[in-house]
Amino acid sequence: MIRAGLISFSSCAGCFVEFLNMEEDLLDLVKIVDVRAFPIALEENDFENLDVLFVEGCPTTPYQLEELLHLREKARYLVALGTCACYGGVFTLIKNHTFKDAVDMQYGGTPPVVSIPPQGLSYYVKVDYHLYGCPFELSELRALVTALAMGKPYRQPEYDVCAECVLRDNDCLLNKGVPCMGPVIRGGCRARCPSSGQACTGCRGTYSDANIDSHRAILLEWGLTPEEIDELYAKYGGVER
Ligand code: SF4
Ligand code: SF4
Ligand code: SF4
């Protein structure tokens, strides 16, 4: 059995909701995962000697940062669960936009308590695995847990969203002038947004071979300004520039 703990820092809690949404799959998961700590779901929590700590969200207060550093010591592996944990996620709006814009866009005008700049967890601690997406993909969680249980390596996808779009025979939105981030963003979500007619907004971050210059050039050709392109690239904090 894998001894696991789950902890949440600044986030919308959507990744933990996704975890609980596994329903019947959750019953299969607990056959190989012994959940020792999950404060939002368990009354008693034991974070000692964990095999794996799943972390949702990113620290944005000194207390949260201290807790992250403390819990990191107690787990063999740490998994960044979702884009907030991988890159800072939606909280990087505060860093990359003017604070007022971010508060208006994301929090309906009420500022959150953020006393340290939002960063992905790897800025502070060693992260062994990243499960990308807003929220993360359940299929990737299953693959990671299975790999850990079998002592086998887990590899994250290193291809773009376009590859999955092509497999689904989708009409390309970017070719029609819709500013889609798919060419630079890590696949693995089965091209969820373009498959339903929406542009990819980049929630899974850039993949290793992303050709940013070429993608920006296409967006410029379609009439976006450099500032508008910067806005697209800044949304989740996970796009290298
Ligand atoms: S990655 Fe998305 S769904 Fe998960 S906690 Fe952050 S904002 Fe919520
Ligand atoms: S719609 Fe977007 S993700 Fe799909 S092929 Fe076109 S650019 Fe790539
Ligand atoms: S298509 Fe883009 S925005 Fe949509 S889930 Fe996939 S990576 Fe995220």
Positive-end residue, the chain charge dipole about Cα centroid, Cβ charges, pick of His215, Cys193, Phe91:
His215
Amide H to amide H, which residues 5 or more places from Val35 or on other chains are under 5 Å from it, using H placed in the peptide plane?
Ala4
With θ set to phi - 60°, apply the Karplus curve 6.51 cos²θ - 1.76 cosθ + 1.60 along the range 116-124 and write out the HN-Hα couplings as whole Hz, x wherever there is a Gly or Pro.
10, x, x, 9, x, 4, 5, 5, 10
Restraint check, Lys31/Lys235; Lys152/Lys235; Lys126/Lys235, Cα-Cα greater than 27 Å
Lys31/Lys235; Lys152/Lys235
Given a 10 angstrom Cα cut-off, can you work out which residue in Thr201, Thr83, Thr225 is the most mobile in a GNM of the chain?
Thr225
What is the helix-to-structure angle for 212-221, meaning the angle in degrees between its Cα long axis and the longest Cα principal axis of the chain, kept from 0 to 90 and rounded to the nearest 10?
40 degrees
Give me the one-decimal Kirkwood hydrodynamic radius in Å for the chain, with the sum taken over alpha-carbon pairs.
18.7 Å
Calculate one ³J(HN,Hα) per residue across the range 28-38 by plugging θ = phi - 60° into the Karplus curve 6.51 cos²θ - 1.76 cosθ + 1.60, and present them in order as whole Hz with x for glycine and proline.
5, 4, 6, 6, 10, 10, 9, 7, 8, 8, 6
Roughly what % of DSSP beta bridges within the chain run antiparallel, to the nearest 5?
20 percent
Please list, in order along the range 195-211, the HN-Hα scalar couplings obtained from phi with the Karplus expression 6.51 cos²θ - 1.76 cosθ + 1.60 (θ = phi - 60°), rounded to whole Hz, x for Gly and Pro.
5, 10, x, 10, 5, 5, 9, x, 5, 8, x, 6, 8, 5, 9, 4, 9
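Which of the peptides 119-127, 150-158 is most tightly packed, and how do the rest follow, judged by the mean count of other Cβ atoms within 10 Å per residue?
Order by mean packing, descending: 119-127, 150-158.
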Return the FRET efficiency for the residue pair Asp104, Met1: r is the Cβ-Cβ distance, R0 is 51 Å, and the value is rounded to the nearest 0.05.
0.65
If you place +1 on the Cβ of every Lys and Arg, -1 on the Cβ of every Asp and Glu, and leave all else neutral, what size is the dipole of the range 161-234 about its Cα centre, to the nearest 20 Debye?
380 debye
Per DSSP helix of 4 or more residues, -39500 (n - 2.57); summed, then divided by the residues of the chain. What does that give at 222 nm, rounded to the nearest 500?
-10000 deg cm²/dmol
Using every Cα-Cα pair within the range 148-197, state what percent have a distance larger than 12 Å.
63 percent
Please give the solvent-accessible surface of Leu29 in Å², to the nearest 10, using a probe radius of 1.4 Å with every protein chain present.
20 Å²
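The values are calculated or read from the model by the stated rules, or taken from the named source; none is laboratory data. All values reported here derive from a predicted model rather than from experimental measurement. As a convention, Cβ positions derive from the backbone with ideal geometry for all residues, glycine included, and neighbour counts pool all protein chains shown. Heads up: the accessible areas ignore ligands, DNA and RNA and are worked out on the full protein's heavy atoms, side chains in. Shrake-Rupley method; radii C 1.70, N 1.55, O 1.52, S 1.80 Å.
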